[in-house]
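**Student:** Can you read through this structure? Questions will come right after.
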Amino acid sequence: MVLPVICESWADIKPLQAANDYDKLAQEAFDRGDYALAIELSEQAEIKRDEVEFEINEKLAEAEIDAEKREEARRIAEANARAKKEAENRKIEEAENTIALAENQLLWAKNAKGDVYYPMTYTAGEQAVQNAKNAFNAKEYDSATYFAREAINVLSEISDTTPLPKYYVVRPWDETKDCYWNIAGRSYVYNNPALWENLYNANKGSMEDPSNPDLIHPGMKIEIPSIAGEVRSGTYDSSIKYDTFKIK
């Protein structure tokens, strides 16, 4: 019988050495003709061999248990490594997809002239997209996803609606009855003539007689100040269809 790497040799097991000694003594007793003693010594040798077999089986069982434990530990380590890798891959995929959405939102905002009509919002969204890319390159995928979502939320505030006009060029009275009251009442200005003083106060400095709100002349370019956070840009163009101003 060849032992596994549990002991270096049979001689490492003490009962085996005792069994060999009993065998030697039994042989000597047999040679002397003392058969009863030879039988007794042989029986003792057999008992020691049984002890050897028990000890060997016990060590083999321990070795098998250790091997099973090592195998289980290996399987657990591999499973944990796979789970960790899969979780990282999910984070990478989520970050990539969210950044792609943020970049599309930024492109849409650019095409909607968000950088012109909503410069602060556009710049904040653009910076958030860049922060997301930087975090992704640094393998900080959770942060990359966070910044990308922030960019999407910020850029969603940009509207593709044509901004209301910021300026208006006064036309002849006999054509349009232009005065602050009538101008303020137009849908693309304030949609309410009672708000005319906003126009008057914003343009006093360019009037010939600042004390007389009725004294405006054809060709005069007046400013239409934003009074409710609405976006205004450019000069009124009769060929453009503007949304109606509403105070939110």
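**Student:** Taking Arg149 as meeting all but one of (1) basic (Lys, Arg); (2) more than 46 Å from the chain's Cα centre (by Cα); (3) within 30 Å of Lys133 (Cα to Cα), write down the number of the exception.
**Tutor:** Against the list (1) basic (Lys, Arg); (2) more than 46 Å from the chain's Cα centre (by Cα); (3) within 30 Å of Lys133 (Cα to Cα), Arg149 comes up short only on (2).
**Student:** On to the next question. Report yes if some residue within the stretch 160-176 is closer than 22 Å to Lys110 by Cβ, surrounded by 14 or more Cβ atoms within 10 Å (Cβ to Cβ) and of a type in the set (A, V, I, L, M, F, W, C); otherwise report no.
**Tutor:** Taking every residue of the stretch 160-176 in turn, at least one turns out to be closer than 22 Å to Lys110 by Cβ, surrounded by 14 or more Cβ atoms within 10 Å (Cβ to Cβ) and of a type in the set (A, V, I, L, M, F, W, C).
**Student:** I've got another one for you. Would you tally the residues in the stretch 64-114 being loosely packed, with under 11 Cβ neighbours inside 10 Å and assigned by TED's automatic domain parsing to the domain that holds Ala151?
**Tutor:** Count: 1.
**Student:** Can you find even one residue in the stretch 155-177 that is closer than 15 Å to Thr244 by Cα, of a type in the set (A, V, I, L, M, F, W, C), under 45 Å from the mean Cα position of the chain (by Cα) and assigned to a loop (DSSP other than H, G, I, E, B)?
**Tutor:** Checking the stretch 155-177: not a single residue is closer than 15 Å to Thr244 by Cα, of a type in the set (A, V, I, L, M, F, W, C), under 45 Å from the mean Cα position of the chain (by Cα) and assigned to a loop (DSSP other than H, G, I, E, B).
**Student:** Same structure, new question: Based on this model, can you work out whether Ile224 counts as under 54 Å from the mean Cα position of the chain (by Cα), among the hydrophobic types (A, V, I, L, M, F, W, C) and surrounded by 13 or more Cβ atoms within 10 Å (Cβ to Cβ)? Break it down stepwise before answering.
**Tutor:** Numbers: under 54 Å from the mean Cα position of the chain (by Cα): yes; among the hydrophobic types (A, V, I, L, M, F, W, C): yes; surrounded by 13 or more Cβ atoms within 10 Å (Cβ to Cβ): yes.
Yes; evaluated as a whole, the condition is true for this residue.
**Student:** Of the residues that sit in the stretch 178-215 and are hydrophobic (A, V, I, L, M, F, W, C) and in contact (Cβ under 8 Å) with a residue 24 or more places away in the chain, which one is farthest from Asp243 (Cα to Cα)?
**Tutor:** As a first pass, look at the stretch 178-215 and keep what is hydrophobic (A, V, I, L, M, F, W, C): 179, 181, 183-184, 189, 194-196, 199, 202, 207, 215.
Subset that is in contact (Cβ under 8 Å) with a residue 24 or more places away in the chain: 179, 183, 189, 195, 199.
Numbers: Cys179: 22, Ile183: 16, Val189: 10, Leu195: 18, Leu199: 19 Å.
Among those that are hydrophobic (A, V, I, L, M, F, W, C) and in contact (Cβ under 8 Å) with a residue 24 or more places away in the chain, it is Cys179.
The values are calculated or read from the model by the stated rules, or taken from the named source; none is laboratory data. Predicted model only: the values in this text are computed from it and were never measured. Every residue, glycine as well, gets a Cβ built from its backbone with ideal geometry; the counts of neighbours run over all protein chains shown.
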